[in-house]
Every structure is written in structure tokens, then in C-alpha cells.
Amino acid sequence: MAFRDRFSVVGKVTDCHIYEGDGTRPIDEENVRVLYDRRRVEFPDELGLWRREIQDEEARRQAAGEPYRWNNPRFAVESLVVSRGHVAEEPQVTLSLLDADYYDFLTTSLNLGRKLKNGSTLRKQYLEDADPLDAPPWMFCSLGVNVAVETGKDGKMLFSHRSGKVAGPNASRWNSSANEGMAANHDVSESGEISLHQVARRALREELAVHRQDRVDLELLGFGLDLRNNQWAVFLRAVLEDLGEEELRQRWSRGVEDKWEHDAYAFVPSDPDSVLTFLHETPDWTPCAPALFYLALVRGTVRAHGGDPAARLLVEEAERRVLEGRRDVGV
């Protein structure tokens, strides 16, 4: 039984479920509350053994001088609650997090099809035979912040191709412009607060060399669930107001903190026809990247038409043109 619908665009059905957001309006930063309980996520005994297998294997690889996956702090998502304000009905979000680490995430993500003692699998038990949103927190030991970047100087959308050297199921795939897995050692402020917008800023700095001095128009557009890999995704749109492709490529040539995470970039005119054509013609996407870029397209179109939410229909018209082999970059 399909408990959650899957996002589709230009004839492609993805493994991403859009949980909140349609691109027509942002979620204001002040309307997002992140609750962090430093309690450690706990696995059932059977999965605890699987985790030790991963830990021992990665320690063996490190000792042998082989490539290995290092462990680092992560968050487990205990719950994500979305409601509406009383007057304007603006989205109100409460995100509750627990402590976890990267090996916790690998324990489930690498073993979704592994048979349990009861004869079932994690995928069947929690993702297919039940609503994935009802799964326990240890099934959600990854929360990724994904940013769709547009250059303000020359009006281009940036697509990043993840390197084959990156660990995890999304290696060697086209992805969001920048993304970061949230971690307690990076994303908890001295006052104990967590800001999704600040995590996005970190992603822009570490992966694209966009710094706090750069003018960035940043909006939170929504949340999605990767039904293939069982990961929560946060969607944001960032317009780099004073930067274009030339400036970014020049910066990258001089070094980027996490330059190794990407091995290719594509700059595409940010109009709906061009972006949707790129999505249509380019293979090998991560599950939630197409949804992110679609929401960013809708948001840009709505803003260009004075905030009218009906402008999202112009993106649907562009999609029909792409599927029919026609293009109109004047929309």
C-alpha cells in the first residue's frame, strides 16, 4: 500500500515525498522551532549488532590504510510537526531532534533490505507496510539541508554532481546546489539554538565558497522525505545577489572547504523551460533534488509575478512544453 505519494516532474516519478511546502510562499525563520534533546537514540538489540559490525569494519579499513567512512555526530528526527498560524495561516514548524551519529545512519540505510529475525525487513516493516512517518526515531538518523542556488548576476540555476568518493547511496548523482547533514558539533549555537537557515549558510560556505559577507536572499521552502533511503530533507532557495557563474568558478579554482564532495557543476538559465529541460534530459538524480529545484522554480516565478500564488501554473505550462518538445524562455 502506498502511504505517501511521490513527487513527479517532466515524466519522472521520484522517491521523494513533499511533506510541507508548494513553493508559493516561504516558511519564515521565526516560525521554525527546533527542539534538541541530548538523549541518545537507541536501537533494538538486533540492530545494535548491525551497528557494531559497521563500526568494526570501518576500524579494520582504517587500520589497513584503506578508504573508510569516518564517524561523526548526526541528529535523529524524533518528530516534525507542521501547523498553521491563526490569522494568516502561515506555516508553523516544530522539529524535535535526538543525538545520533553517522554509523547510526548507516545501520539502517545500508540494511533496509536485510532480513530481520522475524523474517521481515526494515523497508517492508516501516516503509511499505506502514506509514513511514510513523517509524521510530532510529529509522531517521539523517537530516539533510538542501539548497537550490540561483546566481543573481546572470540568472542561472546551479546543479552540483556528487563525487563518487562521497560515502552513501547518493554518490555519483546530480543533487542540490549545496547540502549538509545537520550535526551537533557544527549546528548548535553557544546558546543551544539550532537554525536551519544557518545550516544552509554553512552548506553554501563549505561547498560553494559563498561567505557571510556575500548578499544572499535565502528562503525556507519546505520539507521532504526520501522514501528510498529514509532521510528527511529540508528545502531552501538561495539567490546570490552579487555573484554569477564566472565569479563562483573563479573562487572554486582557488579552493573550497569541501571541494572533494562534487566533481562537476552545471549552470542553467533559471527560467522554468531551461531548468525543466535539464531535469528532463539529465539522468541519475538523488531522490529529492528534482523536488527541491521545482519548488525553487515556483518560488522564483511567484515572486516575479508580485507574489501571486497562481503563478505556479506558469511552471506547469513550461513542463507541458518541455514534454512536448517546445520551449519558451520568455516566461
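Quick rundown of the values:
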quantity	calculated
Surface share of carbon and sulfur [accessible, 1.4 angstrom probe, percent] for the chain	45 percent
Accessible area of segment 136-231 divided out per residue, in Å², using a probe of 1.4 angstrom	34 Å²
Cα centroid separation, segment 268-295 to segment 170-220 (Å)	21 Å
Net dipole in debye of segment 268-313 [+1 Lys, Arg Cβ; -1 Asp, Glu Cβ; about Cα centre; nearest 20]	240 debye
Between 0 and 90°, nearest 10: helix 312-323 axis offset from the chain longest Cα axis	90 degrees
Label-point separation, Asp154 to Lys115 (7 Å along Cα→Cβ), nm	5.6 nm
Interchain or long-range residues, amide H under 5 Å from Asn111's placed H	none
Helix 272-281 vs. the chain, principal-axis angle (Cα, 0 to 90°, nearest 10)	40 degrees
Other-chain or far-sequence residues with amide H under 5 Å of Tyr19's (modelled H)	Phe223, Gly224, Leu225
Per residue, in Å², the accessible surface of segment 1-42 once ligands and nucleic acids are set aside, probe 1.4 Å	62 Å²
Full-stretch length increase - Tyr19, Arg69 - with 0.36 nm per residue and alpha-carbon distance subtracted	15.0 nm
For segment 15-114, the spread of Cα positions along each principal axis, largest first, Å	60, 27, 25
Chain lengthening between Leu323 and Arg6 when straightened (0.36 nm per residue, less Cα-Cα)	112.2 nm
Degrees separating the helix 196-208 axis from the principal Cα axis of the chain, which is the longest one	80 degrees
Cα-based radius of gyration of segment 267-331 once divided by 2.2 N^0.38 Å, which approximates compact folds	1.07
Average accessible area per residue (Å²) across segment 237-309 - probe 1.4 Å, nucleic acids and ligands excluded	41 Å²
Placed amide H near Gly152: partners under 5 Å, 5+ positions off or other chain	Leu240, Glu241, Asp242, Leu243
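The values are calculated or read from the model by the stated rules, or taken from the named source; none is laboratory data. Since we're looking at a predicted model, the values are computed, not measured. For neighbour counting, all protein chains shown are included, and Cβ atoms are generated from backbone atoms with ideal geometry for every residue, glycine included. Heavy atoms of the whole protein, side chains included, go into the accessibility calculation; ligands, DNA and RNA do not. Shrake-Rupley method; radii C 1.70, N 1.55, O 1.52, S 1.80 Å.
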